[in-house]
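The values are calculated or read from the model by the stated rules, or taken from the named source; none is laboratory data. Small disclaimer: the values here were computed from a predicted structure and weren't measured. When we count neighbours, we look across all protein chains shown, and the Cβ atoms used for this are built from the backbone with ideal geometry, even at glycine.
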Amino acid sequence: MRVLRYPGGTLGNYWDWRKGWFLSGHDLPNGILLPENYNPLIPVNTGNYLFDDKLETFLKCLSSSYAKPMWQMNVLTSDFNYQLATLYASKVAGVKSEYVELGNNHLQ
């Protein structure tokens, strides 16, 4: 069985699935900061490469790879309803959600 995880890893603790990138500083709860090595600015096309980690792109990858999704919910810096909307959006797109991960390694 093939499984693709979205967004995956520690970055998922700071992820905004609608933007396909990190939450901006003013969207983070009080007292929580992005790790220093995470850039809150959405990348631009460099001519050779465009990083695109939006939900729509992930859904296309699922289709072409015949993989099942594992949805990582951002339980550190987001709220339940916003994260639940991820599952709803995938359902509307015709993707069955069987696997859900609640956050990723909440380390200090």
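Observations on the structure shown:
- Flag if Val44 is aliphatic (A, V, I, L, M) and at pLDDT 90 or above: no
- Residue check, Leu55 at pLDDT 90 or above, among the hydrophobic types (A, V, I, L, M, F, W, C) and under 15 Å from the mean Cα position of the chain (by Cα): no
- The set of residues in the stretch 54-81 that are in contact with a helix residue (DSSP H, G or I) (Cβ under 9 Å, 6 or more places away or on another chain), more than 15 Å from Asn104 (Cα to Cα) and in a loop (DSSP other than H, G, I, E, B) contains only Ala67.
- Only one of Ser90, Ser97 that is of a type in the set (S, T, N, Q), touching a residue at least 12 places away in the same chain (Cβ under 8 Å) and under 14 Å from Arg18 (Cα atoms): Ser90
- If the condition is being of a type in the set (A, V, I, L, M, F, W, C) and closer than 24 Å to Glu56 by Cα, then the stretch 1-38 contributes Met1, Val3, Leu4, Leu11, Trp15, Trp17, Trp21, Phe22, Leu23, Leu28.
- Pairing each residue of the stretch 8-34 that is closer than 18 Å to Leu102 by Cα and at pLDDT 85 or above with any residue that is part of a loop (DSSP other than H, G, I, E, B) and acidic (Asp, Glu), provided the two are 6+ apart or on different chains, yields C-beta distances under 9 Å for Trp15/Asp53.
- Test: residue in the stretch 89-96 that is at pLDDT 85 or above, polar (S, T, N, Q) and assigned to a helix (DSSP H, G or I): yes
- Top-ranked residue of the stretch 51-108 - restricted to ones that are of a type in the set (Val, Ile, Thr) and farther than 17 Å from Asn13 by Cβ, ranked as surrounded by the most Cβ atoms within 10 Å (Cβ to Cβ): Val95
- Scanning the stretch 12-38 for residues that are within 8 Å of the chain's Cα centre (by Cα) and among the hydrophobic types (A, V, I, L, M, F, W, C) turns up Trp15, Trp17, Trp21.
- If you go through the stretch 17-34 and keep only what is under 19 Å from Ala89 (Cβ atoms) and surrounded by fewer than 18 Cβ atoms within 10 Å (Cβ to Cβ), you end up with Arg18, Lys19, Asp27.
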